[in-house]
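Have a look at the structure below before the remarks.
The values are calculated or read from the model by the stated rules, or taken from the named source; none is laboratory data. Not measured: the values here are computed from a predicted model. So basically every Cβ, Gly included, is an ideal-geometry build from the backbone, and we count neighbours across all protein chains shown. Just so you know, the surface numbers come from the protein's heavy atoms only, side chains and all, with ligands and any DNA or RNA stripped out. Shrake-Rupley method; radii C 1.70, N 1.55, O 1.52, S 1.80 Å.
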Amino acid sequence: MSNPLAYLHDQLEEWKRDGVYQRLRILQSASAAESRFDGKEVINLASNNYLGLTTHPKLREAAVEAVKRFGVGSGAVRTISGTMALHMQLEERIADFKNVEACVVFQSGFAANAGTVSALLGLEDHIISDELNHASIIDGARLSRAKIRVFPHKDAAAAGKILAELDGVSGKKLLISDGVFSMDGDIGPLPGLVEAAERHGAIMMVDDAHSSGVLGKAGRGTIDHFGLHGRVPVQVGTLSKAIGVLGGYVCGSRDLIEFLYHRARPFLFSTSHPPAVAAACLAAFDVLEQEPERIQNLWDNTKYFKQGLVAAGFDTGMSETPITPVIVGEAKTAHALSNGLFEEGVLALGIGFPTVAKGKARVRTIVTATHTREELDRALEAFRKVGRKLGIVV
Ligand SMILES: *Cc1c(COP(=O)(O)O)cnc(C)c1O
């Protein structure tokens, strides 16, 4: 009898031959500046834990307290009986933080994007999307069945041109960009995009997954960074990165949020966060305001580490944020660099096609607020050593 799934095995073998097969690294400690993976203590440059909140005592305490008072699960989806007071408090807290009317929290940033784009747009509508937007935006766009027009990365003029072509064409138009792009660490051209959206009556949507807690006043994100309050009607963020826990959210008008309560499919058909998650997220927003030095440390570390990489001769691409890629070209080289770094006590993962363009494979690094200078120096030394051995730098 033949195995109808045999093609999976063939594909896996091909990936192994091409050197792009990836085994999961197993984390055996907390996610922190230094962590234990696969039995080895390493400097962790592979997390999105920008501010070190995954292990913050106030978040831990809030989570434990919530478990004691409210148990471990919410029992249902939000629209049946799974809306807890904690969920509503968190949504109000985020809306205040982002200076908007209202907020809806989803199980993840992925669910927030996919659920929102597919709920807002339909078959007759148009989505104008940056070519490097996150996979969850792309999936949401496909689910919506709207017509998708992709513009070159960060090219606000090209986005405006597409919108101009659509002037007078029926259907709603959604212009959408990441605030910070997750593979290159560059910032979206929001002022130009917002202007184009306003000129052509399009809905502007920004995904601030990598910028909330990182950019803007007290980490309010790219909309605050560029002074665009009131001009981006659909703002997405995540609770899984700088906030240190899990979840995604959409901020905007009360109408937008109530519409999503009725139509966003992950909200309607997937169980809400456990109370510990909501409580820990609430505590994180307190910490953001009480400990501004965390964001300062994050940027100081970013500058220091990026300068060290550039001085060593590495290509860090277009990065403007704590996401710093080390671009090496071939996926095989990226994985070899990543493996060599691990041997030297540094975790930073190789990323190749199709996550990034062919020939643009890289090892991606993200420093956090809690890395010490000594750790960053050790990581830089490992990069120099392995980079020379592989002929990436001299
Ligand atoms: C990580 C990320 C998401 C998904 O967020 P999760 O909370 O991890 O699901 C969405 N958009 C962008 C741009 C991201 O980088």
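GNM remark for the chain: springs join alpha carbons under 10 Å apart, and the peak mean-square fluctuation among ALA46, ALA276, ALA158 falls on ALA158. Comparing VAL328, VAL67, VAL363 in a Gaussian network model of the chain, where Cα atoms under 10 Å apart are tied by springs, the biggest mean-square fluctuation is seen for VAL67. The 3J(HN,Hα) values that the Karplus relation (6.51, -1.76, 1.60; θ = phi - 60°) gives for segment 185-201 are, in residue order, x, 9, 9, x, x, 4, x, x, 5, 4, 4, 4, 4, 5, 4, 10, x Hz. Gly and Pro appear as x. Dividing the Cα radius of gyration of segment 1-148 by its Kirkwood radius returns 1.05 for Rg/Rh. Calculate the length of the line joining the C-alpha centroid of segment 182-239 to that of segment 6-80, in whole Å. So the two Cα centres are separated by 27 Å. Relative to the Cα centre, the charge distribution of segment 1-131, modelled as +1 at Lys and Arg Cβ and -1 at Asp and Glu Cβ, gives a dipole magnitude of about 760 debye. Using only side-chain charges placed at the Cβ, +1 for Lys and Arg and -1 for Asp and Glu, the dipole size of segment 126-282 relative to its Cα centre rounds to 420 debye. Note on segment 272-350 and segment 120-145: Cα centroid distance 28 Å, given to the nearest whole angstrom. Ordering GLY168, LEU268, ILE243 by the projection of their Cα atoms onto the charge dipole of segment 57-290, which places +1 on the Cβ of Lys and Arg and -1 on the Cβ of Asp and Glu, puts LEU268 at the extreme positive end.
Classify segment 57-290 as rounded, prolate or oblate from the Cα gyration tensor: take a ≥ b ≥ c as the square roots of its eigenvalues, call it rounded if a/c is under 1.5, otherwise prolate when a/b beats b/c and oblate if not.
Values: a/c = 2.27, a/b = 1.58, b/c = 1.43.
It is prolate, given that a/c is not under 1.5 and a/b is the larger ratio.
A cut-off under 15 angstrom between Cβ atoms defines the neighbours of GLU330, and their net charge, with Lys, Arg +1 and Asp, Glu -1, is +3. Of LYS303/LYS332; LYS147/LYS172; LYS217/LYS306; LYS241/LYS332, which sit over 18 Å apart, Cα to Cα? As for pairs spanning more than 18 Å Cα to Cα, those are LYS303/LYS332; LYS217/LYS306; LYS241/LYS332. With all protein chains kept in place, the per residue accessible area of the chain amounts to 45 square angstrom at a probe of 1.4 angstrom. Phi angles across segment 313-318 convert, under the Karplus curve 6.51 cos²θ - 1.76 cosθ + 1.60 with θ = phi - 60°, into 3J(HN,Hα) values of x, 7, 8, 9, x, 9 Hz, Gly and Pro given as x.
Need one number: the % of Cα-Cα pairs in the chain sitting beyond the 25 Å mark. Let's see the in-between values first.
On the way: 45458 of 77421 pairs.
Tail fraction, whole percent: 59.
Only helices enter this figure: runs of n ≥ 4 DSSP H residues, each worth -39500 (n - 2.57), summed and divided by the residues of the chain, yield -13000 deg cm²/dmol at 222 nm to the nearest 500. The residue list PHE110, THR83, THR355 was ranked by how far each Cα lies along the charge dipole of the chain toward its positive end, using unit charges on Cβ atoms, and THR355 comes out on top. For segment 283-394, carbon and sulfur atoms together expose 52% of the accessible surface, with a 1.4 angstrom probe and every protein chain in place. Taking the DSSP bridge list for segment 57-290 and keeping only pairs wholly inside it, about 40 percent are antiparallel.
What does the charge dipole of the chain about its Cα centre add up to, to the nearest 20 debye, if the Cβ of each Lys and Arg holds +1 and the Cβ of each Asp and Glu holds -1?
With only Lys, Arg, Asp and Glu charged at Cβ, the dipole is about 540 debye.
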